[in-house]
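Read through the structure below, which is laid out as structure tokens, and then see the notes.
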Amino acid sequence: MASGKGGDGMVSFRREKYVPRGGPSGGAGGRGGDVLLKADANLNTLFFFRKRGHFKAKAGGKGGSSNKTGADADGLVVFVPPGTVVRDAETGGLIADLVKADDEVIVVRGGRGGRGNVHFKTAANQAPRMAEKGEPGVERWLTLELKMIADVALVGLPNAGKSTLLSVVSNAKPKIADYPFTTLEPNLGTVVYDNKDLVFADVPGLIEGAHLGVGLGHAFLRHVQRTDIIVHILDGSAADPLADYNQIRTELALYDANLAERPEIVAVNKIDLPEAREYWALLKESLLERDIADPLAISALTRENVERLIQRVFEQADNLPQREASTDDAAPVYELDDDGLPFELVVEDGVYFVSGDRIERAAAMTYWDYDEAVLRFHKTLETLGVVAALAKAGVKPGDTVYVGDFELEWSD
């Protein structure tokens, strides 16, 4: 993402016939365009960004004569789906979490317009021949991560019957087959009950090591973080459903400790199979011993007890406590950081290299063709301590000094 450059200020003087001392009249440049990310309810994927990864806002208009100010550039709005987490690609720092539709954040701010010579008029200098160039725009690489927004997450091992259950209770049409990893991406479905509705997410089957990213674990687990209720689906015909339950609970807790405290409903699926029904009483007793309240035996295939499960989910949703915002939910708006040292000085083979955001921006905004502008930049170097640092490092008149990309010949 790149914001727009500020418009250049202008050096101009009034030249009317009957104004003998017209004075400066150069206007300031307009502000460059910001780049904003905005959540759009019509989007549900980040696929668009595979085709286009560069976005740049327009530059501000140049200042004009007669003290005309250049036009500010419009901000560039980039639309993303709700649930998008925005991070700085270099540092990994959180910029914003666009949870709801129409949430927006400015990720890079446009450069300010340069001042025209009318702004440098003083009692001692009535006709300044200097102006500023527009401030350069800011470039930032961003990482976008989509976390689906759902009220209820269906979790469990592969082939536990989550997709079948979702297809039965909602309007979703997930791919269903009798082998593991049929579901390769989360499916969403809206479930309506008693004039209320909840969004269910069928999270692809989790395996051991999912919290470490095994089996695309991170890609799946992040979608569970946003849900208010977890419905844990166990395969009642599995060799050890209780061990399966412990495995998934461990993966959830290792990925995010808060998930271990999330309200949970346990449903043992495939109770229509003889082996599942035979061991149901023993399994239920073991689950109750682990303080799992009222586990249910269901069959997504025959719809046995499915309505009762949905009723339980909606009752749980009505009684949910107010959950504190997560770190992502409470993310601050990204601001440019000017903290720390204003510059760095490196000397290599008698050449001096000065770098730093503030000093490089000042150099980029300087009209090098105007002596007054050069003198003003030298004063900026003095204010920031660059002149003293160069003197301490042994700089002499005639030495080459680089300020960012600008090559200067040093002079006292």
Being modelled with pLDDT under 90, among the aliphatic types (A, V, I, L, M) and open to solvent by 20 Å² or more (accessible area, probe 1.4 Å) is the filter here, so list the residues in segment 71-107 that pass it. 89, 94, 99, 101
Check on residue 23, out of contact with any Ser or Thr (no Cβ under 7 Å at 6 or more places or on another chain) and on the phi > 0 side of the Ramachandran plot: yes
For segment 232-271, name all the residues that are out of contact with any Pro (no Cβ under 7 Å at 6 or more places or on another chain) and charged (D, E, K, R). 240, 244, 249, 251, 256, 261, 262, 264, 270
Which ones in segment 332-355 are at pLDDT 85 or above, on the phi > 0 side of the Ramachandran plot and either open to solvent by less than 70 Å² (accessible area, probe 1.4 Å) or of a type in the set (S, T, N, Q) (or both)? 350
Is there a residue being in contact with a helix residue (DSSP H, G or I) (Cβ under 7 Å, 6 or more places away or on another chain) and open to solvent by 70 Å² or more (accessible area, probe 1.4 Å) anywhere in segment 384-402? no
Condition set over 24 Å from residue 228 (Cβ atoms) and among the basic types (Lys, Arg), scope segment 126-160, selection surrounded by the most Cβ atoms within 10 Å (Cβ to Cβ): answer is 133
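The values are calculated or read from the model by the stated rules, or taken from the named source; none is laboratory data. Given the structure is predicted, the values throughout are model-derived calculations rather than measurements. When we count neighbours, we look across all protein chains shown, and the Cβ atoms used for this are built from the backbone with ideal geometry, even at glycine. The protein model used for the area step is the full one, side chains on, heavy atoms only, and it has no ligands, DNA or RNA in it. Shrake-Rupley method; radii C 1.70, N 1.55, O 1.52, S 1.80 Å.
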